[in-house]
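Visitor: One structure follows; several queries about it will come next.
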């Protein structure tokens with residue numbers, strides 16, 4: 001089983017003046033600890049789950065480019081980009097640039113967007129949900145077209161691109177993997193089956209519910225004749241990791257038990273944030289106890 005680190009909070013004890021140094025150090029520690037991937041939220045205000053909107057929030061792709069320069073092999077992605085944040089052609093160009101400059105380490109994480117507060121705050125249009133899903137599907141179509149090297153005009157309901165040229169080409173072939181965030185059964189998981197390379201589900205859901213979502217994805221794949229095994233299954237969670245479980249935190253043994261349960265469902269990569277990510281302790285535990293053991297956990301169906 002692979003592990004991914006999501007950095008969801010940039011408010012750390014040593015203050016904003018050291019934010020860049022701390023984030024760079026976290027990226028380096030994540031790679032040394034053996035994480036397969038590193039993710040940042042693509043938000044412009046902090047979200048309620050992590051704190052008030054006024055807390056520090058880095059722009060996602062700038063942060064990933066910075067992390068790419070501090071690392072060598074860890075994969076890099078947003079968890080996830082709201083489809084409304086960037087014009088599709090610019091988004092694919094941005095993700096391609098990250099892939100080229102990182103020697104093929106980019107994911108494209110994308111979803112239908114939900115945070116109305118930051119849209120209104122920064123003057124970004126926030127269309128109704130049905131339209132956001134229409135825009136998401138068109139963006140996925142544009143991504144596949146641009147990464148295929150096809151610069152013929154794209155004419156959609158919401159987007160018209162006269163020449164979707166993408167040069168230089170992405171390093172990863174056929175393209176950087178597309179991770180679609182969300183667990184909606186009628187639209188989101190259907191888009192995963194049709195356009196995605198990975199899905200992402202909340203690990204805080206009861207395990208039977210995670211299994212049911214995967215079963216729905218399997219049904220969507222069968223309906224279009226796509227092998228379910230082609231899709232990387234990922235989850236998202238959050239832990240405060242300590243050696244002794246003090247103050248209600250998670251021990252390495254408890255984390256490994258949860259990872260084993262997810263692997264039994266067929267989860268390929270467990271992505272999680274660390275609530276004590278600016279501390280050295282969790283990375284020491286990950287490097288010595290957790291990552292080596294997680295790599296030995298067999299994923300069902302693989």
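Any read-out appearing in this document is the output of simple, stated calculations on the displayed coordinates, not a laboratory observation. As the structure is a computational prediction, the values presented were derived from the model and not from experiment. Counting neighbours? That spans all protein chains shown, and the Cβs are built from the backbone with ideal geometry, glycine included.
Visitor: Give the relative contact order (percent, whole number) for the range 1-145; include only Cα pairs under 8 Å separated by 6+ residues.
Guide: Answer for the range 1-145 is 21 percent.
Visitor: What's the center-to-center distance, using Cα atoms, between the range 131-179 and the range 230-302 in Å?
Guide: For the range 131-179 versus the range 230-302, the Cα centre distance is 34 Å.
Visitor: Only bridges with both residues in the range 2-294 count here: give the DSSP antiparallel percent, nearest 5.
Guide: Just about 5 percent of them are antiparallel.
Visitor: For residue 211 and residue 171, compute 0.36 nm times the residue count separating them, minus their Cα-Cα distance, and round to one decimal in nm.
Guide: 11.0 nm
Visitor: By how many nm would the segment from residue 148 to residue 62 grow when fully extended, if each residue of separation counts as 0.36 nm and the alpha-carbon distance is taken off?
Guide: 28.5 nm
Visitor: What percentages make up the Cα-Cα pair-distance distribution of the range 46-124 when the bins are 5 Å wide from 0?
Guide: Percent of Cα pairs in each bin: 3, 13, 24, 24, 17, 13, 6, 0.
Visitor: Using only Cα atoms, find the angle between the long axis of helix 129-147 and the longest principal axis of the chain, and express it within 0 to 90 degrees, rounded to the nearest 10.
Guide: 80
Visitor: List the relative contact order of the chain as a percent without decimals, with contacts defined as Cα pairs under 8 Å and 6+ residues apart. Let's see the in-between values first.
Guide: Numbers: 543 pairs, mean separation 56.4, N = 302.
Here the relative contact order equals 19 percent.
Visitor: With a cut-off of 8 Å between alpha carbons and a minimum separation of six or more residues, what is the relative contact order of the range 148-248 in percent?
Guide: On the way: 118 pairs, mean separation 21.0, N = 101.
Once normalised by length, the contact order is 21 percent.
Visitor: At 222 nm, what helix-only mean residue ellipticity would the chain give, in deg cm²/dmol to the nearest 500, using -39500 (n - 2.57) for each DSSP H run of four or more?
Guide: -11500 deg cm²/dmol
Visitor: Further question: Relative to the longest principal axis of the C-alpha atoms of the chain, give the angle of the C-alpha long axis of helix 19-33, reported between 0 and 90° and rounded to the nearest 10°.
Guide: So the helix axis and the longest Cα principal axis differ by about 80 degrees.
Visitor: Let me ask something else about it. Per-residue counts of other Cβ atoms within 10 Å, averaged by peptide: what ranking do you get for 275-282, 134-141, 104-111, highest first? Spell out each step's value before the answer.
Guide: On the way: 275-282: 17.2, 134-141: 20.9, 104-111: 25.2.
The densest-packed peptide leads the list: 104-111, 134-141, 275-282.
Visitor: Taking square-rooted eigenvalues a ≥ b ≥ c of the alpha carbon gyration tensor, is the range 1-95 rounded, prolate or oblate, where a/c under 1.5 means rounded and, failing that, a/b exceeding b/c means prolate?
Guide: Cα axes put the range 1-95 in the oblate bin.
Visitor: Mind checking Rg over Rh on the chain, alpha carbons, Kirkwood formula for Rh?
Guide: Ratio value, two decimals: 0.95.
Visitor: So what's the angle, to the nearest 10 degrees on a 0 to 90 scale, between helix 88-101 and the longest Cα principal axis of the chain?
Guide: Roughly 50 degrees between the two axes.
Visitor: For the pair residue 32/residue 155, report the inter-label distance in nm, with labels modelled 7 Å from Cα in the Cβ direction.
Guide: With each label point 7 Å from Cα toward Cβ, the separation is 5.7 nm.
Visitor: Right, another one. Relative to the compact globular guide of 2.2 N^0.38 Å, what is the alpha carbon radius of gyration of the range 21-74, as a ratio?
Guide: Compared with the compact-globule rule of thumb, the range 21-74 sits at 1.20.
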